[in-house]
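Notes follow once the structure below has been shown.
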Amino acid sequence: GGGGGAAMAEGEGLVSVDYEVSGKVQGVFFRKYTQGEAKRLGLVGWVQNTSHGTVQGQIQGPTARVRELQEWLRKIGSPQSRISRAEFSNEKTIEALEHKEFQILK
């Protein structure tokens, strides 16, 4: 490894990304499991059901950890869920976390 400049290495900065998960994701404790997984990874943000049957929210934290939750949202979810699609948008690097915790919004 060489000397580091001011640029942060991939996986060290903080990122914020919005997500929306489609499939059988409501009424299967999807939000509760998402919150649990986010807390385990040390991420903040929120999750909520939408009126059109999807689950959406925002994730913030270290890039590598956010990537782990994205993969979880794409492939795993809660035990009873059936994920057909997970879309991510508005990804940006942030200076500081904008949420105190990861919460379930009604």
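The values are calculated or read from the model by the stated rules, or taken from the named source; none is laboratory data. Keep in mind the model is a prediction, meaning the values are calculated, not measured. All Cβ positions, glycine included, derive from the backbone under ideal geometry; neighbour counts span all protein chains shown. Keep in mind that these areas ignore ligands, DNA and RNA; they rest on the heavy atoms of the full protein, side chains included. Shrake-Rupley method; radii C 1.70, N 1.55, O 1.52, S 1.80 Å.
If only residues of the stretch 26-56 that are assigned to a strand (DSSP E or B) and of a type outside the set (Val, Ile, Thr) are counted, the one that is least open to solvent (accessible area, probe 1.4 Å) is Gly45. Taken together, the residues in the stretch 57-93 that are farther than 14 Å from Ala38 by Cα and either loosely packed, with under 13 Cβ neighbours inside 10 Å or among the polar types (S, T, N, Q) (or both) amount to 11. Within the stretch 28-43, residues that are more than 15 Å from Ser81 (Cα to Cα) reach partners that are assigned to a helix (DSSP H, G or I) with beta carbons closer than 7 Å, at six or more positions or on different chains, in the pairs Ala38/Leu69; Leu41/Arg65; Leu41/Glu68; Leu41/Leu69; Gly42/Arg65; Leu43/Arg65; Leu43/Val66; Leu43/Leu69.
For the stretch 72-98, what are the residues that are over 9 Å from the mean Cα position of the chain (by Cα) and not in a strand (DSSP E or B)? Correct list: Arg74, Lys75, Ile76, Gly77, Ser78, Pro79, Gln80, Ser81, Glu95, Ala96, Leu97, Glu98. As a summary of the residue check, Gly23 satisfies the conditions (1) surrounded by fewer than 17 Cβ atoms within 10 Å (Cβ to Cβ); (2) small (Gly, Ala, Ser); (3) outside any helix (DSSP H, G or I) except for the one numbered (1).
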